[in-house]
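These notes are about the structure you will find just below.
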Amino acid sequence: MWSKSNADKLKMELSGKREKQQQSIKNEKITEDNANIKMDSGFLSGANLSCDSMLSKENIEYDIKSEEPLNFKQQKEAMEIALDSGLDICESGCLSELDIDQKETCKPCSKNEWQFYFQQNEDGDTQLHLAILHGYIQVSKRLIDICPDSKLLDVRNDDGQSALHLAVMTNQCEIVKYLMMANANAEILDCNGNTAVHLACYDGKLDCLRILASYVLLPKIFDTINYDGLACIHIATIANHLNLLRFIVNTSKNVNITDYKSGYTALHFAVALNRANLIECLLDKVDPNIESYAGKLAFEVEDDNDEDEDDEISDDLMKSMNALQLPTSSSIKC
C-alpha cells in the first residue's frame, strides 16, 4: 500500500523531470534561433527594405515566356545601346577609324566590300581620295592593299585628280611610293592637263619627283605640255624652284622645249622674270639662239622696248603664272 508521503514524493519527482524537459526544449529553441540569426544575410533587413528601388514591383516581375526578370532585359538592351559606337562604316565618308594596324588578322574583302570603297561620291571622290586628302596614311595604305585592280587607283574625281595627284599635292611621299608600287599610272592628266609630275614641279616637291623617277620614264613626262602650254621645265622656272630645275635639266632629254603660247624656252622665262640664279642654271644647257614666236632670242626679251611686244610678253607670263594657282586641300571637294 502506498502511503500519502510516498505519493507526494513521486509527484515531486515527476514534476522535477517535467521542468527539466521543458527547460531543455527551451534551451534548444534559443540555440536554433541564434544560429538562424547568424546565417541571415541581412538583405531583407529593415534598412534594405526602406529602399523602394530594391524591391519595387518592376524589379521582381517576371516574363512568363523567358522566365527572366523584365528589368534585367531592359538593362541588357540599354547596355548594348551604350556600347554601340554609332559609327556605320557604310554611311561614313571618313575612314579615320578603320583598323589597319593588325594586317595579319584582316580578312580579304569580299566583292561588295571593296566595291564600296572605290565607288565615287557625288563629287567623283572615292574613299581613297578622301583618305589621302585628309592625311590618313595607314587607311590609305590599307585601301591600296585591298584594291583588286590597279586601274581603280587611277579613278579621277570631278577635277580630274587621281589618288596620285592628291598624294603629290599634299606632299605625302610615303603614299606616292605606295601607289607607284601598286602600279598607279603617273601619266594621267587632271582637268588642267597636269600629270602628278607637273604638280610636283609647281610646288617644288623634289622628294616626290625623285620617287616618281624610280618608277616612270621622266623624260617622256617632262615633254608633256599641259593645257596652259607649259612643260615641266617651264613650270619649275616660272615657280622659281632652283633645285627642282637642276634635277629636270640633268634628267630631261629636251631642255630646249618651247611653250605653246609664246614659243619661249625656259631661258626666255628666266630672263623675262630677271632671275639670275635660274639663268645661270639654264645657260649651259638651253640653247640661247632659239627664237620665240615673236622672233626674239632669250636675251632680247629683256632689252625689247616695243610697248606692244612688252604687253604681249606680260600677258603670256601672267597666263603662265595663273597656271600655278593649284586648288588647295580646302578647295578640293570632299
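The values are calculated or read from the model by the stated rules, or taken from the named source; none is laboratory data. On a predicted model such as this, the values are computed, not experimentally measured, just so you know. Methodologically, a virtual Cβ is constructed for each residue, glycine included, from the backbone with ideal geometry; neighbour enumeration extends over all protein chains shown. Each accessible area value is taken on the protein alone, full model and side chains, heavy atoms only, with ligands, DNA and RNA left out. Shrake-Rupley method; radii C 1.70, N 1.55, O 1.52, S 1.80 Å.
Things worth noting here:
- Residue match in the stretch 237-256 (condition: without any contact (Cβ under 8 Å) to a residue 60 or more places away in the chain, in contact with a His (Cβ under 9 Å, 6 or more places away or on another chain) and either basic (K, R) or part of a loop (DSSP other than H, G, I, E, B) (or both)): no
- Among the residues of the stretch 121-159, those that are assigned to a loop (DSSP other than H, G, I, E, B), over 18 Å from I188 (Cα atoms) and in contact with a Phe, Trp or Tyr (Cβ under 8 Å, 6 or more places away or on another chain) comprise C147, P148.
- Reported count of residues in the stretch 245-280, each being open to solvent by less than 10 Å² (accessible area, probe 1.4 Å) and on the phi > 0 side of the Ramachandran plot, is 1.
- If the condition is being in a loop (DSSP other than H, G, I, E, B) and among the hydroxyl-bearing types (S, T, Y), then the stretch 202-219 contributes S214, Y215.
Table: residues versus (1) farther than 27 Å from H268 by Cβ; (2) open to solvent by less than 10 Å² (accessible area, probe 1.4 Å); (3) among the β-branched types (V, I, T).
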position	(1), (2), (3)
D149	yes, no, no
L189	no, no, no
L209	no, yes, no
T237	no, yes, yes
N243	no, no, no
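- Pick from the stretch 211-235, criterion among the β-branched types (V, I, T) and touching a helix residue (DSSP H, G or I) at 6+ places or on another chain (Cβ under 6 Å), ranking: most open to solvent (accessible area, probe 1.4 Å): I211
- Just one of the listed residues (N185, N194, N157, N112) is open to solvent by 60 Å² or more (accessible area, probe 1.4 Å) and modelled with pLDDT of 90 or more, namely N185.
- Of all residues in the stretch 281-318 being assigned to a loop (DSSP other than H, G, I, E, B) and modelled with pLDDT under 60, the one that is least open to solvent (accessible area, probe 1.4 Å): D304
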